[in-house]
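Participant: The structure follows.
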Amino acid sequence: MSRQILSLLAIAAVGVTLAPAPASAQPRPTQPPAAQAPAKAVDCEQVKCIALTFDDGPGKYAGALLDTLKKYNAKATFFLEGQYVHSRPSFVKRMAQEGHELGNHSYKHPNFTTLEPGAVRDEIKKTQDAVKKAAGVEPKLLRPPYGMADIQTSDIAAEFGMPMILWTAGSRDWATKNEAEIKKQTLAVAKQDGIILMHDWVKQTVDSMPSIIKTLQKNGYQLVTVSDVVKRENLQPGDIYPVPEGWQK
Ligand SMILES: [Zn+2]
């Protein structure tokens, strides 16, 4: 069966949960309040957007990071590792409540391209379940560990109704672990509609965030979620964004 057909089947199977609501759609008054705080509609066609993403968490410094994000009215996206969702569920709940986006980054961070399909499904499913249990919402985006994906990964992402999100640039925070370097690198790679890779288990990242956010905002950026930034791409389940060099669909 072709990948395209598989994708279509997957789309049919998961139905309405896939498509993000259009910016103009207002929740009907009869609906129960969403567990996730409704994010204020941001139109990245109109404003200068950037998405900071934090991987492998929730890390132990997530609480301080959430305080900073709240203070500066900034939104972020957290690509969560299921094992830490399980051990630090209160951070995950708070992320959702404060309007941040939650993504799936596997359960224990294996390289998906080395696993059998069943093991990949298991990694994704266990993390979906853990996030749902902690925060009442299910991730709609997948970031495969190390950004490593192949057609099998794409097909399985499609089964779960999720596009795969990589990054436009990294802060190299895990390598430098130095506040000044993290700020310098992040500002050097910041660009409109950029998706920046960071980690909330790196203390220096969390410590440098007030300064980074203030500078980005001073430069006209609005800090938004990945879904805000990719809205106009109309990503389908199994798609990958940004498309890596050499990626064949
Ligand atoms: Zn990771």
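Participant: Please report the spacing between the Cα centers of the stretch 79-136 and the stretch 160-209 in Å, no decimals.
Facilitator: So the two Cα centres are separated by 19 Å.
Participant: How high is the FRET efficiency from T215 to V47, r the C-beta distance, R0 25 Å, rounded to 0.05? Can you show the working numbers first?
Facilitator: Values: r = 17 Å, r/R0 = 0.68.
Between T215 and V47 the formula returns 0.90.
Participant: Could you pull out every one of the lysines with an alpha carbon less than 29 Å from that of K132, ignoring same-chain neighbours closer than 8 positions?
Facilitator: Result set, ordered by chain and number: K40, K60, K70, K71, K75, K93, K108, K140, K203, K231.
Participant: Right, here's the next one. So how strong a dipole does the stretch 120-203 carry about its Cα centre when Lys and Arg Cβ are +1 and Asp and Glu Cβ are -1, to the nearest 20 debye? Intermediate values should be presented prior to the final figure.
Facilitator: Working: 13 positive and 12 negative charges, 60 e Å.
In total the dipole reaches around 280 debye.
Participant: Quick one: putting +1 on the C-beta of Lys and Arg, -1 on the C-beta of Asp and Glu, what dipole do you get for the stretch 47-170 around its Cα centre, in Debye to the nearest 20? Write out the running numbers ahead of the final one.
Facilitator: Details: 16 positive and 14 negative charges, 128 e Å.
The dipole magnitude comes to about 620 debye.
Participant: Let me ask something else. How large is ³J(HN,Hα), in whole Hz, for each residue of the stretch 177-186 in order, when computed from phi with the Karplus curve 6.51 cos²θ - 1.76 cosθ + 1.60 and θ = phi - 60°, using x for Gly and Pro?
Facilitator: Karplus-based 3J(HN,Hα) across the stretch 177-186 equals 6, 9, 3, 5, 5, 5, 5, 4, 5, 5 Hz.
None of the figures in this text is laboratory data; all of them are computed from the coordinates on show. Just so you know, these numbers come straight off a predicted model, no measurement behind them. Here the Cβ is made from the backbone with ideal geometry for all residues, glycine too, and neighbour counts use every protein chain on show.
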